[in-house]
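Visitor: Before I ask anything, here is the structure I am working with.
The values are calculated or read from the model by the stated rules, or taken from the named source; none is laboratory data. Values in this document were obtained by computation on a predicted structure and should not be read as measured data. Glycine also receives a Cβ, built like all others from the backbone with ideal geometry; neighbour counts cover every protein chain displayed.
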Amino acid sequence: MLPCAPASASTARPMVMKGVDAKGQYKGRRQAGDAVPALCSPAPEATPRQAREKVRIPRILGDFVLEKRIGKGGRSYVFAARQALLERTVALKVLRPEFAANPELVAAFQSEAAAYGRCDHPNILTCHAAGQDGDWHYMALSYAPHGDTIQALTGSSRRRSVHRVLKWMAQIAEAVDHLASQGWVHGDIKPGNILVGPDDRALLADLGSLHPLQDQGVPKRFEGTAAYMSPEQAARENLNVSSDIFAIGATAWHLCTGKAPRPFTNDKHEALRRAREEPLAPLSSMAPWVPSAAVAVIERCIQPDARQRYQRPEDLARMARQVLDSIRGDSSDTIYPAINFQQGF
């Protein structure tokens, strides 16, 4: 995540504009022609022409006042934003300007917002609003103050982390089961796409990679992250609920060990080859502090042969909760230091 750097105290000046007071608080709906101060510049990753133009993101989009950037995806930025009329903070996902002229990508962004609207589940992010302000497309999602699962676990003791991982596995499995009931596969479950709410509840994010269950194979616009991908998904043979179960297990593997399941590489073909051909290392050897019952749950998820995994998300959720109940009384938590997390995705 790449938050915007605050302005220097020596150069920062209050922005005074119609609809916003000197402290940047929203005072009413912005009208056409109002001044729009820029919040921050996107990194110059687009074409050279776009980089020279230094496109800047407005401070206000629709009813939302952008406060700081808290995340960045392949085609979007995410900001903490204030919806002043309802006095709530949201995570405002904004399509990056270099993609706004592409009708296919705009349609995909809008489809993601619609997917959130169809998925009413306590472990899937809620979309509060979506819209367009000029050339800017946005959606307002639930704000998760603890960030993703890696951020939430940083500094947590190892045994306590295992408890939380099992709980999150059960919750995300239930979210996957809900998606399946709607006819969808997520296709890109990983630590960065699981946020943690104020009540330590796991929230599945990034519904832009959803794939219809009834379709065979993988979508033409290939999505997913190879480090957490099942062999069959990496081989572009099939993408189904079993692939999501594998990704839940690979995510848990990462959260228990502190290391990505497969080494990061910029070579997409090599990353997919590893996902197809190289099974994950045994969790018991990588994280000996994880109780054997928890190891069994996680390792069943990441079996290369889909027939050896849990066949239904609800089976995974039930077993994860059973194991959590059996180890919850362990009082040896304090002797395990915090997990040292390496690179995540």
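Visitor: When you check A252 against the structure, is it out of contact with any His (no Cβ under 8 Å at 6 or more places or on another chain) and surrounded by 19 or more Cβ atoms within 10 Å (Cβ to Cβ), yes or no?
Guide: yes
For every residue, the table says whether it meets (1) of a type in the set (S, T, Y); (2) more than 19 Å from the chain's Cα centre (by Cα); (3) surrounded by fewer than 22 Cβ atoms within 10 Å (Cβ to Cβ).
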| site | (1), (2), (3) |
| --- | --- |
| H163 | no, yes, yes |
| L166 | no, no, no |
| A175 | no, no, no |
| D199 | no, no, yes |
| P231 | no, yes, yes |
| N238 | no, yes, yes |
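Visitor: Select from the stretch 201-214 the residues that are aliphatic (A, V, I, L, M) and within 11 Å of the chain's Cα centre (by Cα) and write down the one among them that is nearest to N238 (Cα to Cα).
Guide: Across the stretch 201-214, the extreme among qualifying residues is L207.
Visitor: So, in the stretch 58-93, how many residues would count as being under 23 Å from L105 (Cβ atoms), in a loop (DSSP other than H, G, I, E, B) and modelled with pLDDT of 85 or more?
Guide: The number of residues fulfilling the criteria is 2.
Visitor: Here is a follow-up. Of all residues in the stretch 146-196, which are free of Cβ contacts under 8 Å to residues at least 24 places away in the same chain and among the aromatic types (F, W, Y)?
Guide: Listed by number, the list is empty, since nothing qualifies.
Visitor: Against the conditions (1) touching a strand residue (DSSP E or B) at 6+ places or on another chain (Cβ under 9 Å); (2) surrounded by fewer than 16 Cβ atoms within 10 Å (Cβ to Cβ), where does Y143 fall short? Just the number, please.
Guide: Only one criterion is unmet by Y143, namely (2).
Visitor: Criterion first (modelled with pLDDT under 95 and within 26 Å of E278 (Cβ to Cβ)) does T149 satisfy it?
Guide: Criteria met by T149.
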